[in-house]
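Some notes on the structure that comes next.
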Amino acid sequence: MRRGLLCVWVIGSCLLAGCWDIKSLQDVNYFTGIGIDYENNRYEVYVQQLDFSGVAKTEAGKSDKPTPVWVGHASGKTLSEAVVELYQTTQQTVFWGHLNSIVISKKALKKGDFLGVIDSLIRFPEIRYTPWIYGTDRTLNEVFTTKPFFNLSPMNSILYAPETNYSQRPIIAPMRLSQFARGIRDPGETTLLPSLSVTDHTWVQDKKPDPKLEINGVYVIRNTRYLEWLPAEKLLGVRWIANRKQGARVMLAEGDEPIATLRLAEPRTKVRISKQGREPTFDIEVEVAAGVLEQWKSKSETELERMAEAEIEDQIRKSHRLGMKANADVLNLEHHLYRRDNATWKRLTSNGRMPLAPVRLGEVKATVKIAHGGTYKMKRRMTPH
């Protein structure tokens with residue numbers, strides 16, 4: 001009996017000794033987002049933290065009270081120094097394991113010390129390579145205090161969950177920290193970092209503008225060099241090359257008159273490299289299935305397919321020309337040369353020390369096949385009754 005009680009006492013003492021320093025959830029501050037700015041030779045760091053008890057309530061249903069958001073700010077010669085300054089007023093232990101968003105200001109992007117920023121972040125043992133990463137020209141405080149609809153948690157916004165919006169309007173693909181880190185290291189790679197902005201001209205709440213986050217373009221970066229900001233509406237051709245798993249909507253028109261809208265799904269894209277003399281030329285082939293979403297004027301399936309093919313080809317060429325004006329290879333054709341003909345790439349870029357210029361775009365060929373015509377048959381005449 002005494003031996004049994006002694007064993008229970010020993011086991012209980014060990015268990016208590018192993019968890020005596022565990023902190024309760026309410027005794028920890030959770031940093032969910034970090035913003036990095038650079039001004040006057042100092043890093044300006046902004047962090048967002050949420051009350052997860054409030055987040056749990058909003059995830060269970062809509063709340064009648066807005067979810068509180070706290071934004072902290074500190075500066076330092078390095079990121080770590082700025083973070084340590086934040087620690088002086090956090091009141092409780094900080095946990096970085098829920099960090100899900102990184103926003104870098106345009107000034108910090110122009111400084112170009114991306115490897116140093118990533119190195120500083122991932123040295124925090126709780127931070128993984130999975131947070132979403134953005135660039136912005138808005139103030140970081142404004143970005144972190146812009147909230148979604150219906151008093152929902154900021155975790156339901158584009159800042160933390162961009163996939164939902166992207167699946168509905170697939171133009172600029174969201175980017176993880178792992179993708180960004182790989183892109184700026186890969187030779188000949190051009191990284192298109194999503195640009196996060198705030199718009200107050202779309203939604204109104206009780207006759208007052210209700211600002212919301214949006215992806216309005218990309219910051220073009222070649223390896224660790226910032227090049228240019230480009231708007232999303234002028235990069236429609238990029239989605240046929242970079243985001244092949246995602247479909248897109250295309251409106252067909254004759255002049256200013258709309259004809260039809262097609263849904264194009266899962267494009268299959270091939271980039272072929274040919275040589276004219278010693279210079280490479282890139283030919284692009286796109287095959288895609290389509291469905292008719294709406295039709296305003298009578299056209300046959302063949303006519304709609306030819307119009308869609310011409311539209312895709314035009315979008316690819318326009319995006320390429322726009323990039324070339326900014327000395328940016330937005331279609332990432334140079335990286336194809338690096339992968340497939342490394343000797344030529346080394347010769348034309350001085351082993352990667354200078355970009356491939358010019359990037360010659362050759363034949364662009366799109367093949368569209370309408371798989372279904374929607375509710376009505378395509379033969380139906382679009383004539384008024």
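Tabulated values for the structure
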| read-out | value |
| --- | --- |
| Enumeration of residues in region 69-98 that are closer than 17 Å to Glu39 by Cβ and of a type in the set (Ser, Thr, Tyr) | Ser75, Thr78 |
| Odd one out for Leu252, checked against (1) surrounded by fewer than 14 Cβ atoms within 10 Å (Cβ to Cβ); (2) in a strand (DSSP E or B) | (1) |
| Tally of residues being touching a strand residue (DSSP E or B) at 6+ places or on another chain (Cβ under 8 Å) and more than 18 Å from Val218 (Cα to Cα) across region 164-207 | 4 |
| Subset tally (residues that are farther than 19 Å from Gly183 by Cα, part of a loop (DSSP other than H, G, I, E, B) and either touching a helix residue (DSSP H, G or I) at 6+ places or on another chain (Cβ under 8 Å) or at pLDDT 95 or above (or both)) for region 317-358 | 1 |
| Pick from region 126-140, criterion at pLDDT 95 or above and of a type outside the set (Val, Ile, Thr), ranking: surrounded by the fewest Cβ atoms within 10 Å (Cβ to Cβ) | Asp137 |
| Which listed residue is of a type outside the set (Phe, Trp, Tyr), touching a strand residue (DSSP E or B) at 6+ places or on another chain (Cβ under 7 Å) and modelled with pLDDT of 95 or more, from Glu294, Glu313, Glu301 | Glu313 |
| Count of residues meeting criterion [modelled with pLDDT of 95 or more and hydroxyl-bearing (Ser, Thr, Tyr)] in region 192-211 | 2 |
| Positions within region 272-316 being part of a helix (DSSP H, G or I), of a type in the set (Asp, Glu) and closer than 15 Å to His372 by Cβ, in sequence order | Glu301, Glu305 |
| Residue count for region 97-118, restricted to those that are loosely packed, with under 15 Cβ neighbours inside 10 Å, assigned to a helix (DSSP H, G or I) and out of contact with any helix residue (DSSP H, G or I) (no Cβ under 9 Å at 6 or more places or on another chain) | 2 |
| Residue that is farthest from Ile184 (Cα to Cα) [pool: residues in region 147-162 that are in contact with a helix residue (DSSP H, G or I) (Cβ under 8 Å, 6 or more places away or on another chain) and surrounded by fewer than 22 Cβ atoms within 10 Å (Cβ to Cβ)] | Asn151 |
| Lys77 at pLDDT 85 or above and of a type in the set (Lys, Arg) | yes |
| Scope region 205-263; condition under 30 Å from Asn151 (Cβ atoms) and either over 18 Å from the mean Cα position of the chain (by Cα) or of a type in the set (Asp, Glu) (or both); matching residues | Gln205, Asp206, Lys207, Lys208, Pro209, Asp210, Pro211, Glu214 |
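The values are calculated or read from the model by the stated rules, or taken from the named source; none is laboratory data. The shown structure was predicted, so the numbers you read here are calculated from the model rather than taken from an experiment. All Cβ positions, glycine included, derive from the backbone under ideal geometry; neighbour counts span all protein chains shown.
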